[in-house]
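Before any comments, here is the structure.
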């Protein structure tokens, strides 16, 4: 009888362990976010857009896969993010352009920057005759000014305010690992 009880207890323990092995990942999966999920952004400290503005938020990935070019730095301290405001317009063969101004300002108490695009000028274009049969196409026209580059910081979102008629794109700049010596003259 004691042997039967020991066998039953061992079977129950093995069954419970197998169930726990199956149930534990299932239960953990219910509590953990899915792989690749972006954590919810806390935008409470950031101001809301005013009338006529759009607030754009860029959440940078914390870890990027290594690049194919071994000359480029894998350290985020060597990376920068270029902010590219622009418009999607219908254009023929003539180049389009417009100007605007980027401004950075610090949020009081947080020490983080927000960026605002203002003083946006009208769209200008050359007036060359286009080749026959050249179709009108939709193109993204970036705001023509010096590239606006900000430090790469995956711990905080990049918040940009633009006029409603603009879109925002961004791209990553990476530095080379090799530093070149300068020549003293």
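The values are calculated or read from the model by the stated rules, or taken from the named source; none is laboratory data. Fair warning: this is a prediction, and the values are worked out from it, not measured in the lab. Backbone-built Cβ (ideal geometry, glycine too); neighbour counts: all protein chains shown.
Observations
- Hey, residue 106 exposed (fewer than 15 other Cβ atoms within 10 Å of the Cβ), in contact with a strand residue (DSSP E or B) (Cβ under 6 Å, 6 or more places away or on another chain) and free of Cβ contacts under 8 Å to residues at least 12 places away in the same chain or not: yes
- Yes/no for residue 111 being touching a strand residue (DSSP E or B) at 6+ places or on another chain (Cβ under 6 Å) and over 27 Å from residue 71 (Cβ atoms): no
For every residue, the table says whether it meets (1) loosely packed, with under 12 Cβ neighbours inside 10 Å; (2) modelled with pLDDT of 95 or more.
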position: 113; (1), (2): no, no
position: 116; (1), (2): no, yes
position: 121; (1), (2): no, no
position: 127; (1), (2): yes, no
position: 133; (1), (2): yes, no
position: 146; (1), (2): yes, no
position: 153; (1), (2): no, no
position: 160; (1), (2): no, yes
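- Condition check for residue 90 on (1) modelled with pLDDT under 95; (2) closer than 30 Å to residue 179 by Cα: one failure, at (2).
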